[in-house]
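Shown next, in structure tokens, is the structure this report addresses.
The values are calculated or read from the model by the stated rules, or taken from the named source; none is laboratory data. All figures in this text were calculated on a predicted structure; none of them were measured in a lab. Cβ atoms come from the backbone with ideal geometry, glycine included; neighbour counts cover every protein chain shown.
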């Protein structure tokens, strides 16, 4: 596989020659091997110079994998006339045992239940032109452990209906982000520091669990992109998308004539932003940061 060294030549600005040579052995072994990927398996499939001890030295070396991923994307995959969308999601990998760091039970959508394993937050750059996702940063999500057992919920009396007397209006923009949203915000800022000099990301796409005001304010509080980033997040199937939508004050729900499906959204993104006018029944997206207060 001589082409791998040609692809890895751009990494010379981040890695020394020894680390690049070890990375080449690891890449060749992972592309050639079958079955479960383990260090012992890679050592068996690696060519000369890829012993088990060499693999141990490589994996004990502290590397900035986000920087390496971005350098490869910028040199071989990025096109200046392309539009990039930042996407994020949680990834759960099943893992047995008890000694692995961060091991806990996380909900997996593939299994439809909580499974023992590891959970990671993955941030990718999605190319609208190629319709391809390029993973850049992956950070492990640590489980939540508490010393005290959870207390049983206590039933509270219903009391009087309506708004309590004396309660004042709250500014929805002044929110205190929970620890998990602060973790996501720091991860996004870390990715933006890598790419802000080369490309501007205009949209951030995340999972439907973030279709609330706290996640919207998290996106608006980002350091580098608060002026030109919009949040895109899944909502209920009755919500549809329209650029510059207006609400009806008397209606309990939004009344939006034009919709856009998730598939057609990628076709409508250009330098001018999102374009409306495509009919759609199931529209799980909302343009958040610029149009929602």
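Does residue 26 satisfy the criteria of being free of Cβ contacts under 8 Å to residues at least 40 places away in the same chain and in a loop (DSSP other than H, G, I, E, B)?
In short, no.
Keeping to segment 183-201, report how many residues are out of contact with any helix residue (DSSP H, G or I) (no Cβ under 6 Å at 6 or more places or on another chain), touching a residue at least 12 places away in the same chain (Cβ under 8 Å) and assigned to a helix (DSSP H, G or I).
Total satisfying the criteria: 10.
For the condition more than 30 Å from residue 89 (Cβ to Cβ) and at pLDDT 80 or above, what is the one hit in 165, 160, 155? Give the derivation first.
Values: 160 fails: at pLDDT 80 or above; 155 fails: at pLDDT 80 or above.
The match here is 165.
Filter segment 29-44 down to residues that are touching a helix residue (DSSP H, G or I) at 6+ places or on another chain (Cβ under 9 Å) and outside any helix (DSSP H, G or I) and give me whichever is nearest to residue 62 (Cα to Cα). Give the steps one after another, and end with the answer.
Let us first name the residues in segment 29-44 that are touching a helix residue (DSSP H, G or I) at 6+ places or on another chain (Cβ under 9 Å), namely 29-35, 37, 39-44.
Pick out the ones that are also outside any helix (DSSP H, G or I) and you get 33-35, 37.
Details: 33: 25, 34: 27, 35: 27, 37: 21 Å.
For segment 29-44, the residue satisfying everything is 37.
Among the listed residues 11, 7, identify the single one that is closer than 15 Å to residue 71 by Cβ, assigned to a helix (DSSP H, G or I), within 26 Å of the chain's Cα centre (by Cα) and at pLDDT below 85.
Among 11, 7, only 7 is closer than 15 Å to residue 71 by Cβ, assigned to a helix (DSSP H, G or I), within 26 Å of the chain's Cα centre (by Cα) and at pLDDT below 85.
Do we find a residue being over 16 Å from the mean Cα position of the chain (by Cα) and surrounded by fewer than 13 Cβ atoms within 10 Å (Cβ to Cβ) anywhere in segment 192-201?
Within segment 192-201, one or more residues are over 16 Å from the mean Cα position of the chain (by Cα) and surrounded by fewer than 13 Cβ atoms within 10 Å (Cβ to Cβ).
Could you list, in sequence order, the residues of segment 45-56 that are at pLDDT below 90 and either under 21 Å from residue 95 (Cβ atoms) or out of contact with any helix residue (DSSP H, G or I) (no Cβ under 7 Å at 6 or more places or on another chain) (or both)?
Hit for segment 45-56 is 48, nothing else.
Would you call residue 10 under 28 Å from residue 74 (Cα atoms), surrounded by fewer than 18 Cβ atoms within 10 Å (Cβ to Cβ) and in contact (Cβ under 8 Å) with a residue 60 or more places away in the chain?
yes
So is residue 204 modelled with pLDDT of 75 or more and part of a strand (DSSP E or B) or not?
Numbers: modelled with pLDDT of 75 or more: yes; part of a strand (DSSP E or B): yes.
Yes: the conditions hold for residue 204.
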